Structures are given as C-alpha cells and as structure tokens.
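Undergrad: Before I ask anything, here is the structure I am working with.
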Amino acid sequence: MTDDPQAPQAPQAHRPPRAPRAHRFRSARRVPAALTALAVLGVAGLFLYDLAAVRAGRPGMRWRRELADQLARHTPADLGVMLGGGALAVAGAVLLLLALAPGKRGILPMLPPDQAAGVRAGLGRKDAAQVLRDRAMEVSGVRTVRVKVGRSRIGVRATSHFRELDEVRADLDAVVAVGIEELGLAHPPRPRVRVRR
C-alpha cells in the first residue's frame, strides 16, 4: 500500500441525487391552544386563591370542601369512580391524538423545487381533482367524469357514450397518469379508473 497522491484511485459508484422529502402541512391550532391555556390559568388561579385564603385564616370555598368530602367517601375501587376515570382516560387519549395529528388533510404536499431555499408548496385536493377532471374530459368518448382525490388514491369514474370501454379506459389511464405526474406531488396517489356506459 502506497501513499502516492499520483496513484490512480478506484472510481466511485455514481449515486443518484436523493429526492427531497416533503412533509404534510400542520395546522397552527392557535384558538384551541389559547382556550386551553385560559382554562388552565383560570382553574390554577382559583385553586391558588383558595389556598391563599385558607393560609390567611379564612375558611376554604364550599366546593373544595365538598370535593374533599366526596374524595374521602369514594375509593378508586368504586364502579362510578372507575367508569369516570376510564371515560376521562379515553377523552385524554383522543385529545392527545388530535393534538399530535398534522391536520390540514385537504392539502397535498408538493415536491419542493429547492429544498435549501425553505420554500414549501401544497395543492388542495379539490383543486387537484378539478385539474384531473379537466384533463379526463379531453379524452374522446368521455361524457362525464367524477374525480375524488385522497391522500393515497385517486378515484376516477367516467361515463362513455361511444367508443369501446376498454379503449376509453386505456386512454383515461394514460391521461390521468400524466396529469398526476404534472401535479408535482411529493407522494403521488395511485389512480383507480372506472368507465361505464
């Protein structure tokens, strides 16, 4: 083994450039977050006020004394307590799932032209359906078309008034495939084309 810089080096395998990743759009959820913060602040302030009143020698609020009596009377083994706890746990899990979900399901992420620039683009599902519907209506023999765009699938239902159905379906498959490619979506949905008389 030599350290000669003039020695020929083995050619490196050419790797294709990695496709940029495009993530789904997330909703800001400012109003629910503000309402939750206000509710937590109000409850915490009420408890703090009651605690300060008790420390100052005044009697505690009646609702807190009743709550303490109820908690002293009922144990976690009671059926009502278990049902209430289970309902609260399910509600909390649903709220946590909704908080972690991206939201904005109606926007499909598009491939960014330049990931370094930090520009993101999205296309609404209804807009994508309208573009594909217009493209499908150009096919000879197609009378009406309904297009429904989902996150992973695009449903195309067409009616034909002349030509063979197999020929119309083949033309629609080609046109829809080109239309999906021209939309520039980051995760192109798979088309499903149906043609009937």
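No value in this document is a laboratory result; all are computed from the given coordinates. As the structure is a prediction and not an experimental result, all values here were calculated from the model. Neighbour counts are summed over all protein chains in view; Cβ atoms, including those assigned to glycine, are modelled from backbone coordinates with ideal geometry.
Undergrad: In Å and from the alpha-carbon atoms only, list the Rg and Dmax of region 60-132.
TA: Using the Cα atoms of region 60-132, the pair Rg, Dmax is 24.5, 67 Å.
Undergrad: Here's a follow-up. In debye to the nearest 20, how big a dipole does region 27-110 give about its Cα centre with +1 on each Lys and Arg Cβ and -1 on each Asp and Glu Cβ?
TA: The calculation lands at about 320 debye.
Undergrad: Here is a further query. With the crude spin-label approximation of a point 7 Å out along Cα→Cβ, what separation in nm comes out for Ala37 versus Gln130?
TA: 3.6
Undergrad: Hey, with R₀ at 35 Å, roughly what FRET efficiency would Arg194 and Ala99 work out to, going by the Cβ-Cβ distance, to 0.05?
TA: That pair, Arg194 with Ala99, gives E of 0.35.
Undergrad: Let me know the charge dipole size of the chain about its Cα centre in debye, to the nearest 20, where only the beta-carbon of Lys, Arg (+1) and Asp, Glu (-1) is charged.
TA: 940
Undergrad: If each residue of separation counts as 0.36 nm, what is the full-extension length gain between Leu71 and Arg146 once their alpha-carbon separation is subtracted?
TA: Gain on extension, Leu71 to Arg146, equals 21.1 nm.
Undergrad: Then there is this: Starting from 0.36 nm per residue, how many nanometres of slack lie between Arg30 and Leu51 once their C-alpha separation is accounted for?
TA: 4.4 nm
Undergrad: Still on this structure, I have one more. Please identify the DSSP H helices in the chain that span no less than 20 Å along the helix axis (Cα) and have a mean Kyte-Doolittle hydropathy of -0.5 or more.
TA: Going by DSSP H runs, the hits are 30-55, 79-100, 165-183.
Undergrad: Can you pull the Rg over Rh of region 49-90, Cα-only, Kirkwood?
TA: 1.17
Undergrad: Further, regarding this structure: Which shape class applies to region 93-144: rounded if a/c is under 1.5, otherwise prolate when a/b exceeds b/c and oblate if not, where a ≥ b ≥ c are the square roots of the Cα gyration tensor eigenvalues?
TA: oblate
Undergrad: Starting from the Kirkwood radius over alpha-carbon pairs of the chain, derive D by Stokes-Einstein at 37 °C in a medium of 0.692 mPa s and give it in µm² s⁻¹.
TA: 138
Undergrad: OK, next. In a Gaussian network model over the chain where Cα atoms closer than 10 Å are linked, find which of Arg163, Arg133, Arg24 has the largest mean-square fluctuation.
TA: Largest GNM mean-square fluctuation: Arg163.
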